[in-house]
Amino acid sequence: MSDAVETMLERALAVVLAGDQALRKALDELPAAIYVTDADGVITYFNPACIDFTGRRPQVGADRWCVTWRLYTNAGDFLPHAECPMAVAINTRRPIRGVTAVAERPDGTRVVFRPYPTPIFDKDGRFAGAVNLLEDVTDEARAEDFQAQARRCRRLANAVADDFAADTLSRMAEEYEAKAAELLGHNRFANSRADGNEIRQAPTTDSGDDGPETVAGAPRT
């Protein structure tokens, strides 16, 4: 989790726990999509960034589990909202970390994101709901694709005997690496990366993977 994301998540939790509607307005100014649910997973608040992120206006009191229109795993499988990371966090009453998924907007564009669903407990220790922050990691996913292409080109360059082919493959690798660096430089939350798994079915609270996340294919934009 990057420092920026951690700070925004802590601020959101503090505001929600304070229960002050005036303080909650402070969340409206945050650049990341943040929303809150009650103990049943029903949306009780979302900030304006959620509208930009999802391409829709979530319905307070009606939408459940997530503010997105549709969800998919990184492998491209449809992911029901009832099985999304926020639903798992609420049902298990444990925070979910280290997973990514793909959100589809009503206009068909998609965004790769990393959620941070976190249960909320009141001062008496009773479960009161959850807060979630959605971090757009689309550029990060594309950068990983370019980096993979660069590694492939370098392996081929080392394997071929023809100098011209090896030089061409090396130049291609450099171009892919430059594109990846440019994308990562544009990521406003790219102070650090969290390791984890892609969501294939229902996510779990145990990331269980020491490698970087994998994202299948580039999303439409």
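Quick grid of which residues meet (1) modelled with pLDDT of 95 or more; (2) over 16 Å from the mean Cα position of the chain (by Cα):
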| site | (1), (2) |
| --- | --- |
| N91 | yes, yes |
| A103 | yes, no |
| R114 | no, no |
| D124 | no, yes |
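So the check is Cβ under 7 Å with 6+ separation or different chains; which pairs have a first residue in the stretch 93-110 that's free of Cβ contacts under 8 Å to residues at least 40 places away in the same chain and a second one that's among the charged types (D, E, K, R) and surrounded by fewer than 23 Cβ atoms within 10 Å (Cβ to Cβ)?
Short answer, once both residue conditions are applied: E104/R70; E104/R110.
In contact with a Lys or Arg (Cβ under 6 Å, 6 or more places away or on another chain) and either among the aromatic types (F, W, Y) or under 18 Å from A33 (Cα atoms) (or both): is that true of G98 in this structure?
Values: in contact with a Lys or Arg (Cβ under 6 Å, 6 or more places away or on another chain): no; either among the aromatic types (F, W, Y) or under 18 Å from A33 (Cα atoms) (or both): yes.
So G98 does not fit the description; no.
Of all residues in the stretch 56-84, which are of a type in the set (G, A, S) and not in a loop (DSSP other than H, G, I, E, B)? I'd like the intermediate steps shown before the answer.
Step one: list which residues in the stretch 56-84 are of a type in the set (G, A, S), which gives 61-62, 75-76, 82.
The answer is A82, and nothing else.
So, A14, is that one in a helix (DSSP H, G or I) and either among the charged types (D, E, K, R) or out of contact with any strand residue (DSSP E or B) (no Cβ under 6 Å at 6 or more places or on another chain) (or both) or not? Show your work before the answer.
Numbers: in a helix (DSSP H, G or I): yes; either among the charged types (D, E, K, R) or out of contact with any strand residue (DSSP E or B) (no Cβ under 6 Å at 6 or more places or on another chain) (or both): yes.
It is true that A14 is in a helix (DSSP H, G or I) and either among the charged types (D, E, K, R) or out of contact with any strand residue (DSSP E or B) (no Cβ under 6 Å at 6 or more places or on another chain) (or both).
Kindly indicate whether T54 is farther than 29 Å from G125 by Cα, of a type in the set (S, T, N, Q) and modelled with pLDDT of 95 or more. Break it down stepwise before answering.
Values: farther than 29 Å from G125 by Cα: yes; of a type in the set (S, T, N, Q): yes; modelled with pLDDT of 95 or more: yes.
For T54, the condition - farther than 29 Å from G125 by Cα, of a type in the set (S, T, N, Q) and modelled with pLDDT of 95 or more - is met.
Here are some residues: A165, A128, A159, A150. Which one is at negative phi, hydrophobic (A, V, I, L, M, F, W, C) and surrounded by 19 or more Cβ atoms within 10 Å (Cβ to Cβ)? Break it down into steps so the answer makes sense when it comes.
Values: A165 fails: surrounded by 19 or more Cβ atoms within 10 Å (Cβ to Cβ); A128 fails: surrounded by 19 or more Cβ atoms within 10 Å (Cβ to Cβ); A159 fails: surrounded by 19 or more Cβ atoms within 10 Å (Cβ to Cβ).
Answer to the check: A150.
Restricting the search to the stretch 101-118, which residues are more than 14 Å from C66 (Cα to Cα) and touching a helix residue (DSSP H, G or I) at 6+ places or on another chain (Cβ under 9 Å)?
Taking the stretch 101-118 as the starting set, the residues that turn out to be more than 14 Å from C66 (Cα to Cα) are 106-112.
Across the stretch 101-118, the qualifying residues are P106, R110, V111, V112.
Given the structure, is T44 in contact with an Asp or Glu (Cβ under 7 Å, 6 or more places away or on another chain), closer than 15 Å to V131 by Cβ and either assigned to a strand (DSSP E or B) or touching a residue at least 60 places away in the same chain (Cβ under 8 Å) (or both)? Give the derivation first.
On the way: in contact with an Asp or Glu (Cβ under 7 Å, 6 or more places away or on another chain): yes; closer than 15 Å to V131 by Cβ: yes; either assigned to a strand (DSSP E or B) or touching a residue at least 60 places away in the same chain (Cβ under 8 Å) (or both): yes.
For T44, the condition - in contact with an Asp or Glu (Cβ under 7 Å, 6 or more places away or on another chain), closer than 15 Å to V131 by Cβ and either assigned to a strand (DSSP E or B) or touching a residue at least 60 places away in the same chain (Cβ under 8 Å) (or both) - is met.
Exactly one of (1) at pLDDT below 85; (2) touching a Phe, Trp or Tyr at 6+ places or on another chain (Cβ under 7 Å); (3) buried (at least 21 other Cβ atoms within 10 Å of the Cβ) is unmet by A33. Its number?
Evaluating A33 over (1) at pLDDT below 85; (2) touching a Phe, Trp or Tyr at 6+ places or on another chain (Cβ under 7 Å); (3) buried (at least 21 other Cβ atoms within 10 Å of the Cβ) leaves (1) as the failure.
From (1) in contact with a Phe, Trp or Tyr (Cβ under 6 Å, 6 or more places away or on another chain); (2) under 16 Å from P117 (Cβ atoms), pick out the condition that doesn't hold for R56.
Condition (2) is where R56 drops out.
The values are calculated or read from the model by the stated rules, or taken from the named source; none is laboratory data. In this text, all values refer to a predicted model and were calculated from it rather than measured experimentally. For neighbour counting, all protein chains shown are included, and Cβ atoms are generated from backbone atoms with ideal geometry for every residue, glycine included.
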